[in-house]
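As structure tokens, the structure follows; a few thoughts come after it.
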Amino acid sequence: MPPVYSLRNFSLSDHMEASKDTALVTGASAGIGAEFCRQLAERCGRIIAVARRGERLDELKAELGHAVEIHPVVADLTVAADRERVVRTMEELGPVDFLVNNAGLGTFGEFNETELPAQQRQVDLHITATLALTHATLPGMIERGRGTIINLSSTAAFSGKPRAMVYCGSKAFLNLFSRGLQAEVAEHGIKVQSLCPGFTCSEFHDREGVTRAGFRRDQVPEEMWMEASEVVAQSLAALDGGQVTVLTGDHNREAARADLLAQADELS
């Protein structure tokens, strides 16, 4: 396994000691993103919640508004103008102390039979948006000497599965980007994590890009599914350990190890 960069002298409480800390969470309207908002509401004074569905953000604000200041931002992060608008919002309401690049989508199917714009949107959302928001956030974190960045990867990052290569590849990028970035910013007291959940109970697997490829929830054994609340809790707890690549669930860690070993065997 590649080396794991550690920042054990920094605790999660160090990053959230001030009640006025600001978090920005993308894909905040449901699933893991909404759960990050719920669990960060206990630790931050302000959350900038970004998603495409404004009505769902309004529901989140109604749910959490008593505990934290919620600023909904309706944006499609595959669109350059929307990414720029989110950056401007960060500058107005920030500085951002806790960035969660969670927004994601999946377009599955034979590559030559899938429209290229649909595949490109995965790259724009998983990679381009992550780079843009991280690049805009880092200067303030470096200046303050603290901050946390969580990039939502996937167990799919460890395998190039047919009919899902662009999804897997974009998630693998997040793992490598996160590891390299952590090495660069560790001296500034900034933590970077690449969170790799497996099958999670959320709306992701009900979207057209997934179901059109023939996926059904009953194809996956019940014991392999995790609740979004458990995924987020493990992510936040892992920050204290300094681990960059975080896989949730023992079954997911075992599967990832097997995929990596199979790839290593191909190098011999």
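Each value in this text was obtained by applying a stated rule to the coordinates, not by laboratory testing. None of the values given here were measured: they were computed from a predicted structure. So basically every Cβ, Gly included, is an ideal-geometry build from the backbone, and we count neighbours across all protein chains shown.
Ranked from largest, the principal axis spans of the Cα set of segment 75-153 equal 48, 24, 14 Å.
Sorting 105-118, 48-61 by average packing, meaning the other beta carbons within 10 Å per residue, from highest down gives 48-61, 105-118. Sorting the Cα pairs of segment 15-265 by distance into bins of 10 Å, from 0 upward, gives 7, 32, 39, 18, 3, 0 percent per bin. By the count of other C-beta atoms within 10 Å, a proxy for reagent exposure, HIS126, HIS135, HIS66, HIS71 are ordered fewest to most as HIS66, HIS135, HIS71, HIS126. The calculated FRET efficiency for GLU59 paired with LEU93, based on their beta-carbon distance and R0 = 25 Å, is about 0.75. Amide H contacts of THR245 (H built 1.01 Å from N, in plane; Pro and chain starts excluded): SER194 sit under 5 Å, all sequence-distant by 5 or more or on other chains.
Residue ranges 93-102, 78-87 sort as 93-102, 78-87 when ordered by packing (mean number of other C-beta atoms within 10 Å per residue, highest first).
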